[in-house]
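Undergrad: Sharing a structure, written as structure tokens. Questions coming.
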Amino acid sequence: MEALKIYTNEYAEDKLLKLGLNNENITFAISSAISDSFRSSPLHPRIDAMSRAWREAVAAFRESVLLNDNGWTCIRSDSLELTVNSELGISVIITSGDKDTGLIDGNPRTKNAKGNAVRRAVEKNNYNLELFPSNDVFDDNFDELEAISALDPTKTYVLLYYFDFSSKEVRCELSLPKEMTKFSSYNKIDTWSERIIITPVSFDNANPSIFNEEEFTDDFDIQISKK
């Protein structure tokens with residue numbers, strides 16, 4: 001079993017570059033999420049602030065990477081909002097994390113429950129890691145490329161973010177999920193192959209009472225059971 005890889009500071013920047021990203025792509029998304037979430041008020045529905053944060057983070061991240069015109073696109077697949085670079089074999093989903101998000105010595109997990117679409121993405125990550133253990137893109141010397149051309153080697157990363165009101169910052173990381181675990185009957189991602197720690201984004205004058213994150217579902221991967 002491969003050990004968890006944690007990237008920080010200049011190593012995080014280098015790793016992001018290999019994924020076709022940079023620190024600014026992520027901090028722009030988080031800064032935009034903060035700004036839009038602060039437009040909420042006690043008069044709005046209870047999930048409004050965190051709903052705004054998630055929606056704006058997705059849109060701003062896409063805006064940032066699409067402006068570079070380096071192979072990124074956005075799709076909706078299997079009930080998930082994905083930002084994808086097929087040339088690099090990378091896809092990104094964005095979701096809120098818990099209080100360990102962005103902490104080097106933390107053990108973060110997704111804040112909200114995840115369903116079958118996310119589970120399939122995590123399982124595919126593990127399958128691809130077994131077949132393609134290197135993080136590098138295929139080169140011309142990979143003789144078996146034609147033989148496996150039907151296989152999708154895309155890895156799905158998760159951009160986690162967490163509003164820390166005591167420190168007045170949003171911590172975030174781009175991490176490669178490895179396993180999901182059931183917590184109080186809800187499945188959450190809690191094990192990672194890689195964690196790329198991003199510099200926190202500071203904020204001021206937030207009203208914590210409008211942020212009811214525990215009530216917010218930030219994807220549409222809903223499991224429905226027949227009665």
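The values are calculated or read from the model by the stated rules, or taken from the named source; none is laboratory data. None of the values given here were measured: they were computed from a predicted structure. Every residue, glycine as well, gets a Cβ built from its backbone with ideal geometry; the counts of neighbours run over all protein chains shown. Ligands, DNA and RNA are excluded from the accessible area calculation, which covers all protein heavy atoms including side chains. Shrake-Rupley method; radii C 1.70, N 1.55, O 1.52, S 1.80 Å.
Undergrad: Looking at the range 1-42, which of its residues are under 18 Å from THR199 (Cα atoms), open to solvent by less than 10 Å² (accessible area, probe 1.4 Å) and among the small types (Gly, Ala, Ser)?
TA: Scanning the range 1-42 gives ALA12, ALA29, ALA33.
Undergrad: Looking at GLU173, GLU213, which is the one that is modelled with pLDDT of 80 or more, open to solvent by less than 50 Å² (accessible area, probe 1.4 Å) and acidic (Asp, Glu)?
TA: Within the list GLU173, GLU213, the selection yields GLU173.
Undergrad: May I ask you to list pairs of residues, at least six apart or on different chains, whose Cβ atoms are under 8 Å apart, with the first in the range 88-102 being touching a residue at least 12 places away in the same chain (Cβ under 8 Å) and the second being acidic (Asp, Glu) and open to solvent by 10 Å² or more (accessible area, probe 1.4 Å)?
TA: Final answer for the pair search is ILE93/GLU81; ILE93/ASP219; ILE94/GLU81; THR95/ASP219; SER96/GLU213; LYS99/ASP164.
Undergrad: Right, something else. Give me a count of the residues in the range 45-76 that are among the hydrophobic types (A, V, I, L, M, F, W, C), more than 18 Å from LYS111 (Cα to Cα) and within 16 Å of the chain's Cα centre (by Cα).
TA: Summing the residues that are among the hydrophobic types (A, V, I, L, M, F, W, C), more than 18 Å from LYS111 (Cα to Cα) and within 16 Å of the chain's Cα centre (by Cα) in the range 45-76 gives 7.
Undergrad: Filter the range 104-131 down to residues that are of a type in the set (Lys, Arg) and either open to solvent by 70 Å² or more (accessible area, probe 1.4 Å) or assigned to a strand (DSSP E or B) (or both) and give me whichever is modelled with the highest pLDDT.
TA: Among those that are of a type in the set (Lys, Arg) and either open to solvent by 70 Å² or more (accessible area, probe 1.4 Å) or assigned to a strand (DSSP E or B) (or both), it is ARG109.
Undergrad: Could I ask something else about it? From the set of residues in the range 62-103 that are part of a loop (DSSP other than H, G, I, E, B) and of a type in the set (D, E, K, R), which is surrounded by the fewest Cβ atoms within 10 Å (Cβ to Cβ)?
TA: ASP69
Undergrad: May I ask you to verify whether ALA59 is modelled with pLDDT of 95 or more and open to solvent by 20 Å² or more (accessible area, probe 1.4 Å)?
TA: So ALA59 passes the test.
Undergrad: Does THR156 satisfy the criteria of being of a type in the set (Val, Ile, Thr), in a loop (DSSP other than H, G, I, E, B) and modelled with pLDDT of 80 or more?
TA: In short, no.
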